[in-house]
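Read through the structure below, which is laid out as structure tokens, and then see the notes.
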């Protein structure tokens with residue numbers, strides 16, 4: 001049907017001269033334009049809302065008496081790979097939480113597979129019950145301080161702007177490159193601006209004055225602020241404020257005091273990184289809404305932030321509100337404060353109701369394993385084997401720099417602590433001091449690089465944990481009490497072509513294979529969920545605490561663009577001085 005015929009049908013239906021495809025009656029509509037609640041029948045034709053008023057004739061009628069009707073929710077920044085699911089499997093979970101649109105950055109698979117990885121994510125996002133839009137990875141590699149699997153320059157990114165599901169350029173995280181106006185980054189920014197595209201920021205640890213550089217470069221959002229003061233700086237300078245609440249980075253409660261009735265329309269919710277168990281059990285941005293309401297935010301304001309604010313931020317003019325001419329992406333809830341989701345409609349099709357998915361209208365969302373080409377190319381065959389001696393740390397002093405974990409935060413402390421040395425001068429882990437060994441093993445180019453460090457905060461009593469998810473270059477990262485268990489864990493993940501595992505007493509006691517890029521499973525989400533629960537049980541068995549997620553925390557300990565101390569395959573990296581440092585504590 002061409003556009004003129006579509007318009008004709010909408011007009012005829014709006015004027016009561018044609019029968020609507022769907023009418024939702026008797027519900028209380030959340031009007032995100034006025035910030036008020038209103039009544040009226042919602043008439044839908046061809047997946048578009050055509051009228052709000054008194055409508056009776058329809059092929060299907062839904063009675064929403066005693067319930068609230070909201071626009072479909074929008075997650076403004078998420079890395080789908082962090083759920084460890086392919087886009088079709090991720091979409092099925094997202095829609096159960098009222099999410100009908102997400103803006104994703106395929107930065108993770110881009111670092112492993114380059115353009116091929118981005119194309120994979122775009123192709124796998126077609127025909128799903130959630131619209132998946134892409135912001136192109138801006139920093140692949142993220143920094144020159146680690147080894148990754150690919151390079152994406154402006155030349156490789158430019159063709160993707162022709163894809164209608166590409167919105168712009170994702171989180172610009174290399175501030176030194178921006179500050180120095182490095183030509184390769186300028187080319188990417190210029191391409192985005194020439195295409196009228198959106199540009200996301202990543203301003204971790206950036207001062208108010210330095211934010212000027214982001215805005216001057218056309219960057220309009222940021223999701224990295226961790227307190228109300230930083231949030232106000234972004235709002236003051238005209239940025240959209242992305243309020244993040246994910247699995248490891250839980251910033252909402254600290255940021256929310258900066259949100260006022262006057263600036264709330266410049267704020268939106270994002271999850272960034274969320275593991276499958278948290279997605280299933282806690283939710284997506286619906287959890288952000290509930291948490292914000294519990295912390296005193298007006299419920300309608302919270303809904304605005306998860307709908308129209310995000311839509312306007314990204315120029316998605318056809319969604320985010322319940323009004324004629326907008327997509328019929330709708331969520332029906334029993335209670336506005338609790339956001340108890342009863343039904344979800346995508347383009348006028350019911351995709352979820354009363355705990356059941358209805359995916360008949362979305363054949364590409366069928367829960368089938370993914371056996372595509374990326375499932376066969378994840379761990380480079382030339383990856384060098386490692387030996388027990390490769391994990392030995394021999395510092396020149398018994399006072400060393402130690403990575404201090406901050407639970408539920410991407411930021412770490414740069415500690416300087418006394419450590420225990422053996423008679424031959426090698427570092428001995430200490431459960432009593434909570435000083436464990438950390439290793440990052442390069443897996444892309446067979447360099448043989450292994451970065452070694454000391455980490456505090458995991459509180460493991462024995463064993464080791466390992467992951468091929470290690471932001472942003474996704475080398476193998478492992479933390480443990482004993483070298484022997486670390487070796488077993490690293491070897492296991494290599495053999496299964498990527499994944500997560502827990503080792504203890506020389507054996508693997510739990511494992512979750514991630515054969516697609518070493519990042520995503522090729523299994524249905526319920527299988528991955530059960531595997532994740534097995535990992536969580538194993539974590540308890542080795543003494544891991546329950547108030548933060550050790551695996552997601554582990555995955556960010558290799559990210560050098562986040563303060564303060566990290567570990568890459570090239571060694572310890574100090575954010576403040578923007579350089580690698582020796583493990584021995586520097587003299588004051």
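Confirm whether residue 501 is buried (at least 24 other Cβ atoms within 10 Å of the Cβ), without any contact (Cβ under 8 Å) to a residue 40 or more places away in the chain and either within 26 Å of residue 148 (Cβ to Cβ) or in contact with a helix residue (DSSP H, G or I) (Cβ under 9 Å, 6 or more places away or on another chain) (or both).
yes
Of all residues in segment 397-422, count the ones that are touching a residue at least 24 places away in the same chain (Cβ under 8 Å) and assigned to a loop (DSSP other than H, G, I, E, B).
Going through segment 397-422 one residue at a time, the tally reaches 8.
A quick yes/no check of all residues on (1) surrounded by 19 or more Cβ atoms within 10 Å (Cβ to Cβ); (2) in contact with a strand residue (DSSP E or B) (Cβ under 9 Å, 6 or more places away or on another chain); (3) over 20 Å from residue 580 (Cα atoms); (4) without any contact (Cβ under 8 Å) to a residue 24 or more places away in the chain:
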{"position": "133", "(1), (2), (3), (4)": "yes, yes, yes, no"}
{"position": "140", "(1), (2), (3), (4)": "yes, no, no, no"}
{"position": "143", "(1), (2), (3), (4)": "yes, yes, no, no"}
{"position": "150", "(1), (2), (3), (4)": "yes, no, yes, no"}
{"position": "172", "(1), (2), (3), (4)": "yes, yes, yes, no"}
{"position": "176", "(1), (2), (3), (4)": "no, no, no, no"}
{"position": "182", "(1), (2), (3), (4)": "no, no, yes, yes"}
{"position": "186", "(1), (2), (3), (4)": "no, no, yes, yes"}
{"position": "189", "(1), (2), (3), (4)": "yes, yes, yes, no"}
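Mind checking whether some residue in segment 220-237 is in contact (Cβ under 8 Å) with a residue 40 or more places away in the chain and part of a helix (DSSP H, G or I)?
No: zero hits.
Hey, could you check segment 66-84 for residues that are out of contact with any strand residue (DSSP E or B) (no Cβ under 6 Å at 6 or more places or on another chain) and crowded, with 24+ Cβ neighbours inside 10 Å and say which is farthest from residue 552 (Cα to Cα)?
Filtering first and then ranking leaves 71.
With the condition kept exactly as written, say whether any residue in segment 153-170 is within 21 Å of the chain's Cα centre (by Cα), outside the structural domain of residue 558 (by TED's automatic domain parsing), in a loop (DSSP other than H, G, I, E, B) and surrounded by 17 or more Cβ atoms within 10 Å (Cβ to Cβ).
So far as segment 153-170 goes, no, none of its residues is within 21 Å of the chain's Cα centre (by Cα), outside the structural domain of residue 558 (by TED's automatic domain parsing), in a loop (DSSP other than H, G, I, E, B) and surrounded by 17 or more Cβ atoms within 10 Å (Cβ to Cβ).
Taking into account only those residues within segment 261-301 that are modelled with pLDDT of 95 or more and on the phi > 0 side of the Ramachandran plot, which is surrounded by the most Cβ atoms within 10 Å (Cβ to Cβ)?
In this case the residue turns out to be 283.
Scan 482, 507 and give me the residue that is surrounded by fewer than 24 Cβ atoms within 10 Å (Cβ to Cβ), without any contact (Cβ under 8 Å) to a residue 40 or more places away in the chain and assigned by TED's automatic domain parsing to the domain that holds residue 433.
Within the list 482, 507, the selection yields 507.
Which numbered condition in (1) within 23 Å of the chain's Cα centre (by Cα); (2) under 20 Å from residue 67 (Cα atoms) is the only one that residue 355 fails?
So the condition that residue 355 fails would be (1).
Taking residue 444 and the conditions (1) under 28 Å from residue 530 (Cα atoms); (2) at pLDDT below 95; (3) within 24 Å of the chain's Cα centre (by Cα), which numbered condition does it fall short on, given that it satisfies the others?
Every condition holds for residue 444 apart from (1).
The values are calculated or read from the model by the stated rules, or taken from the named source; none is laboratory data. These figures come from a predicted structure and were not determined experimentally. Ideal geometry is used to build each Cβ from the backbone, glycine not excepted, and the neighbour counts take in all protein chains shown.
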